[in-house]
Amino acid sequence: MAQARQIFDENFLAIRAKLIEIAAVLDRIDRATAQAETDPARPEDNVDSDPRRPRVDEAIGILLRTGAQQGERAAALQQLFSRPYDPQWRDRFDI
Amino acid sequence: MDYIDPHIHMVSRITDDYATLARMGCVAISEPAFWAGFDRGSADGFRDYFRQLTEVEPKRAAVYGIQHYCWLCINAKEAENISLSRDVIAMIPEFLDAPGVLGIGEIGLNKNTRNEAIVFLEHLDLAAKYDQPILIHTPHLEDKFQGTRMILDMLDGDSRLDKSKILVDHVEEHTIAEVLNRGYWAGMTLYPVTKCTPERACDMIEKYGPERLMANSAGDWGPSKPTAIPDLIFEMRRRGHSESLIRRVVFENPIEFFKNSRNFKFHDRNQAAQP
């Protein structure tokens, strides 16, 4: 397995580009939201009530994890974007 | 390096893709039955599709020295129609002895509905009755975790099934451990945007080891890359992994799993086809 320094060096530009891309998309949403606030034609054009929006913030928080959970960020993000599992699903479906 | 793509939908790909795969080292593929991009209207539509999988594609692949195998079922998306599903399931045994048919697949769940679960269970019953290996599709995106757990519940609930004959496909970081820990084979699909990149697949190989683990392209009619496995080979080499480890994941493991089928007659480049 490659060394940490090597992995970081090889991936720094990709990390930088992906983070900037996320920042730019969030900025774009904010700009559109601000514009909509002054546009009577689209009074409801925002994502404030979209349940996916706070999950994006939560995902960014997962990236900042340190300590015992820091090596499980990818799995934690996957879990965050997943529907919950109900162990009683067979009873619910009656099968 | 010679490799096998254990999950690719060549009916959706052009002949040039066969040529490219061959040049990249692909020596065999297995093609699970799947959704054609539209819902078929009758069981006869599936009969024609199964003829395409068992008669036409093997010939198209052979032109480029690629051995073609397949899996039969009605996919999870069309399984919402229980009546049609039962007609298709009743017809599948007609094809189980055809050369190259490895088993039942890709069955699974799509939106994790009751009808999908009923049809999945009926496919499991078919596989158990005819002693067939099974290839399983797990749902996409936010449905994957829930659906994978439901699938594992149903598999564990049928004591007739042999875990060594079951591949649970499209695993990702949040589902791979459960699949492997419960004793099943796991497949990682290298697919743009919605599944797994070669880099993340390589991470999972490093974390879980090569035991019962495979990779595939799932190349189909949507955005996908049929040469994704060579990308994984390249990434593993780039990270300094041994040729033996790479070969195990992309060549030896598929062969070991496919040997569960009596219709698997693989021959390497130096061998004549086994009778």
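The values are calculated or read from the model by the stated rules, or taken from the named source; none is laboratory data. These figures come from a predicted structure and were not determined experimentally. Here Cβ is always computed from backbone atoms with ideal geometry, including for glycine, and neighbour counts include all displayed protein chains. Heads up: the accessible areas ignore ligands, DNA and RNA and are worked out on the full protein's heavy atoms, side chains in. Shrake-Rupley method; radii C 1.70, N 1.55, O 1.52, S 1.80 Å.
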Note to self: When you scan the stretch B:153-162, do you find a residue that is open to solvent by 10 Å² or more (accessible area, probe 1.4 Å) and in a helix (DSSP H, G or I), even just one?
What the structure shows: yes
**Study point:** Filter pass, B:Gly37 being under 21 Å from B:Gly222 (Cβ atoms) and in contact (Cβ under 8 Å) with a residue 60 or more places away in the chain
**Key:** yes
Exactly one of A:Leu13, A:Leu19 is open to solvent by less than 100 Å² (accessible area, probe 1.4 Å) and part of a helix (DSSP H, G or I), and that one is A:Leu19
Expected single match for assigned to a helix (DSSP H, G or I), away from chain B (no Cβ under 14 Å) and aliphatic (A, V, I, L, M) among A:Ala59, A:Ala34, A:Ala41 is A:Ala34
When every residue in the stretch B:127-144 that is open to solvent by 30 Å² or more (accessible area, probe 1.4 Å) and within 13 Å of chain A (Cβ to nearest Cβ) is compared, the one nearest to the chain's Cα centre (by Cα) is B:His140
The condition from (1) within 14 Å of chain A (Cβ to nearest Cβ); (2) within 18 Å of the chain's Cα centre (by Cα); (3) open to solvent by less than 20 Å² (accessible area, probe 1.4 Å) that B:Met150 misses is numbered (2)
Inset, instruction - Tell me, yes or no, whether the stretch B:110-121 has at least one residue that is away from chain A (no Cβ under 14 Å) and not in a helix (DSSP H, G or I). - result: no
| query | Is the stretch B:186-194 home to any residue that is more than 14 Å from chain A (Cβ to nearest Cβ) and farther than 25 Å from A:Gln79 by Cβ? | reply | no
* Condition met for B:Thr189 (closer than 16 Å to B:Thr138 by Cβ, of a type outside the set (A, V, I, L, M, F, W, C) and surrounded by fewer than 21 Cβ atoms within 10 Å (Cβ to Cβ)) -> no
Residue set B:Glu78, B:Glu106; condition closer than 19 Å to B:Ile166 by Cα, modelled with pLDDT of 95 or more, crowded, with 19+ Cβ neighbours inside 10 Å and not small (Gly, Ala, Ser); output residue B:Glu106
key: Condition met for A:Phe93 (within 13 Å of another protein chain (Cβ to nearest Cβ) and either among the charged types (D, E, K, R) or touching a Leu at 6+ places or on another chain (Cβ under 8 Å) (or both))   = no
**OP:** Return a yes/no flag: does the stretch B:198-209 have any residue that is within 22 Å of B:Leu155 (Cα to Cα) and either within 19 Å of the chain's Cα centre (by Cα) or modelled with pLDDT under 95 (or both).
**Re:** no
